[in-house]
Amino acid sequence: MITAQIIFWISFGVVFYTYIGYVLLLVLINRTRQNKPLMPLSAYPPVTVIIPAYNELTVIDNKVKNTLQCDYPADCIFIIVITDGSDDGSESLVFQDKRVLHIHQPERLGKASAINHAMQCVNTPYTFITDANTFIHPASIQKMMMHYQSQQVGGVSGEKRIQTSNHDSSVGGEGLYWKYESFLKREGALFYSVVGAAGELFSFKSDLFKPLPNDTILDDFVLSIEIVKQGFVIAYEPEAFANEAPSQHIDDEFNRKVRISSGVWQALIRLPFLFNPISNPRLFFQFVSHRLLRWTLAPIAMLLLLVSNAFLFSLPFYFAILMLQLTFYAFALIGFFLKNKKNYASFLFVPFYYCMMNFAVIVGFIMFIRKKHSALWKKANR
């Protein structure tokens, strides 16, 4: 029984710290600091916005218009649309605006390859990358550029927001997760740096870019870490955000999480310096707390917490905790059976979404070991 108690409390500690304790610790530390307010821009450096796209014919024209309408001098915004192996007609698009350059890769090689290709045509000191299926707030570019007044800033992450109106209750899980993730990134940036920018809206100093291996899955994470490795930080701007429609089917979201989890293991192998606490202690602390525990130990700890708790059910305290756990997983199971239904209580779906994410980590690891992962992104229905 002593062994079961030890496993229970270690597992509880890992799960609690990963999802709650780390956030509370950051908030506590950050509230003791004074942060300087950002100053309005006195100059407007030219920027290039890269829009990688795969079969986005239905949205790409509106995406370009949305970007050009940003609250930033019109003669300082340039756009590169790169279609990666598209065959839906978007590969033949012709943009009349001279500020827009269209590049087509006939062979589908993935987002990392598309970014590498587009970066060869960038002639501005700052680069933005944004997904074709998101629409950015008009103030986004200007708000993000304000951070570069600090010489320490090498990149700026915007915020991903899920549109929640007129959709079924399953959106509650996805939307709540991104609100939590955005809050965590905001607090992480206040402490030191964002550890993994939002690929939906990300900017960086162009001369800090290092070409990505073409098979890179988590291009936003790798780009962010490579910039921090050069001695800079990734800032966070919550008022610069990209709106994205939620996944129409939870299976699409699960497959996306699995792909991300496979990319995690690829990135961990390729970025060994992240495991060195001496080279950058603050980055190491954030990486372990925000990423590594969630990607490795947390899913295992969830299972061990339940199993060890079952061995301790005869003790009143542990029995009460076991009932809470079983209730949580019962809600998750109900959420699973109702995942394709509409208009049911979101509190049933949130436990399911949480369990789905952790299961995706395990599946993603198996796919990575079996070399089933791919750098090619699969277009989700939204």
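A few remarks follow.
- Exclusive hit being touching a helix residue (DSSP H, G or I) at 6+ places or on another chain (Cβ under 8 Å) and at pLDDT 95 or above, set VAL264, VAL258, VAL228: VAL228
- If you go through the range 218-232 and pick out every residue that is farther than 20 Å from GLU200 by Cβ and of a type outside the set (D, E, K, R), you end up with 3.
- Of the residues ALA235, ALA240, ALA298, the single one that is in a helix (DSSP H, G or I), among the aliphatic types (A, V, I, L, M) and crowded, with 18+ Cβ neighbours inside 10 Å is ALA298.
- Hits in the range 177-199 - residues which are under 13 Å from ARG282 (Cα atoms), in contact with a Lys or Arg (Cβ under 9 Å, 6 or more places away or on another chain) and assigned to a helix (DSSP H, G or I): LEU190, PHE191
Yes/no matrix, rows are residues, columns are (1) under 15 Å from PHE12 (Cβ atoms); (2) in contact (Cβ under 8 Å) with a residue 60 or more places away in the chain; (3) touching a Gly at 6+ places or on another chain (Cβ under 6 Å):
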site: ASN255; (1), (2), (3): no, yes, no
site: ARG259; (1), (2), (3): no, yes, no
site: LEU268; (1), (2), (3): no, no, no
site: PRO272; (1), (2), (3): no, no, no
site: ARG282; (1), (2), (3): no, yes, no
site: TRP295; (1), (2), (3): no, yes, no
site: SER308; (1), (2), (3): yes, yes, no
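- Criterion violated by TYR72 - all others in (1) under 17 Å from ALA132 (Cβ atoms); (2) in contact (Cβ under 8 Å) with a residue 40 or more places away in the chain; (3) not β-branched (Val, Ile, Thr) satisfied: (1)
- Residues being assigned to a helix (DSSP H, G or I) and within 19 Å of the chain's Cα centre (by Cα) are represented in the range 144-157 by at least one member.
- Near pairs, Cβ below 7 angstrom, 6+ apart or cross-chain, from the range 187-201 (closer than 18 Å to THR134 by Cα) to any residue that is at pLDDT below 90: ALA198/LYS160; GLU200/LYS160; GLU200/GLU244
- The conditions of being assigned to a loop (DSSP other than H, G, I, E, B), farther than 21 Å from ASP220 by Cα, of a type outside the set (A, V, I, L, M) and under 26 Å from the mean Cα position of the chain (by Cα) are not met by ASP97.
- Meets criteria (under 17 Å from THR18 (Cα atoms), without any contact (Cβ under 8 Å) to a residue 12 or more places away in the chain and surrounded by 15 or more Cβ atoms within 10 Å (Cβ to Cβ)) for VAL288: yes
- Summed over the range 105-141, the residues that are farther than 19 Å from SER224 by Cα and crowded, with 18+ Cβ neighbours inside 10 Å give a count of 7.
- Inter-residue pairs, beta-carbon under 9 Å, first modelled with pLDDT of 85 or more and in the range 362-379, second basic (Lys, Arg) and outside any helix (DSSP H, G or I), 6+ apart: ILE366/LYS372
- Of all residues in the range 201-228, those being in a loop (DSSP other than H, G, I, E, B) and either surrounded by fewer than 17 Cβ atoms within 10 Å (Cβ to Cβ) or within 16 Å of the chain's Cα centre (by Cα) (or both) number 8.
- Residue identified as at pLDDT below 95 and either surrounded by 21 or more Cβ atoms within 10 Å (Cβ to Cβ) or in contact with a Cys (Cβ under 9 Å, 6 or more places away or on another chain) (or both) among SER42, SER90: SER90
The values are calculated or read from the model by the stated rules, or taken from the named source; none is laboratory data. Since the model is a prediction, treat every value here as computed from it, not as a measurement. Every residue, glycine among them, receives a Cβ derived from its backbone with ideal geometry; neighbour counts consider all protein chains shown.
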